[in-house]
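Below is one structure, written out as structure tokens; comments come after it.
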Amino acid sequence: MNPHALELLSSADPGKHGSDTITPMPNDIGDASVRVRVRPEYLQSRSDPRQPMHVFAYHVSIDYQAIDGGPTVQLVDRFWRIVDAHGTEEVVRGEGIVGQQPTLRPGEKFEYASYCPIRSSWGTMEGRYGLVILDAQEQPTSRQVVDVGRFYLVAD
């Protein structure tokens, strides 16, 4: 399934099952933070409870807030912990986000949609993104972890 074909509408509102997490950046770059909002959605048309297979989409908005002239950051990897209602855990980690390693300047955001199949009608996801802070020559200077708060995958 192509995550770009999910055609989810962008929304800053995570809804009743989503998450909204703010991670402060290191003090040496000033007052800066990365806010991650996740809005999950059950994809009934792509699910088959008889299998059992339940497919959930999730829309993510990553918003980098820093003072003007603050450093650029680059999202370089991701880690997801997915747990279904039976307690089965799956860990997903890898480079980039949906095949990209986007850079964000202060005030910019990156949005994407992806999906997750699980074998129960509800479960949870949580994780983190790895990012690097870039200097004026766009070279990495330090690494930071950005949290993604737990959100709920619910077939309602």
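What about residue 87, is it assigned to a loop (DSSP other than H, G, I, E, B), modelled with pLDDT of 95 or more and either under 20 Å from the mean Cα position of the chain (by Cα) or within 19 Å of residue 155 (Cα to Cα) (or both)? Answer is yes for this residue.
Across region 29-61, which residue is farthest from the chain's Cα centre (by Cα) among those that are among the hydroxyl-bearing types (Ser, Thr, Tyr) and over 20 Å from residue 120 (Cβ atoms)?
My answer is 33.
Residue 145 meets each of the listed conditions (1) loosely packed, with under 15 Cβ neighbours inside 10 Å; (2) free of Cβ contacts under 8 Å to residues at least 60 places away in the same chain apart from (2).
Restricting to region 114-156, and then to whatever is basic (Lys, Arg) and in a strand (DSSP E or B), can you tell me which residue is nearest to residue 95 (Cα to Cα)?
Result: 128.
Filter region 20-68 down to the residues that are touching a Lys or Arg at 6+ places or on another chain (Cβ under 6 Å) and modelled with pLDDT under 95 and list them by number. Listed by number, the residues that qualify are 20, 22, 52. Out of 54, 59, one residue alone is within 21 Å of residue 96 (Cβ to Cβ) and of a type outside the set (Val, Ile, Thr). It is 59.
The values are calculated or read from the model by the stated rules, or taken from the named source; none is laboratory data. Computed from a predicted model, the values in this text were never measured in an experiment. Neighbour counts are summed over all protein chains in view; Cβ atoms, including those assigned to glycine, are modelled from backbone coordinates with ideal geometry.
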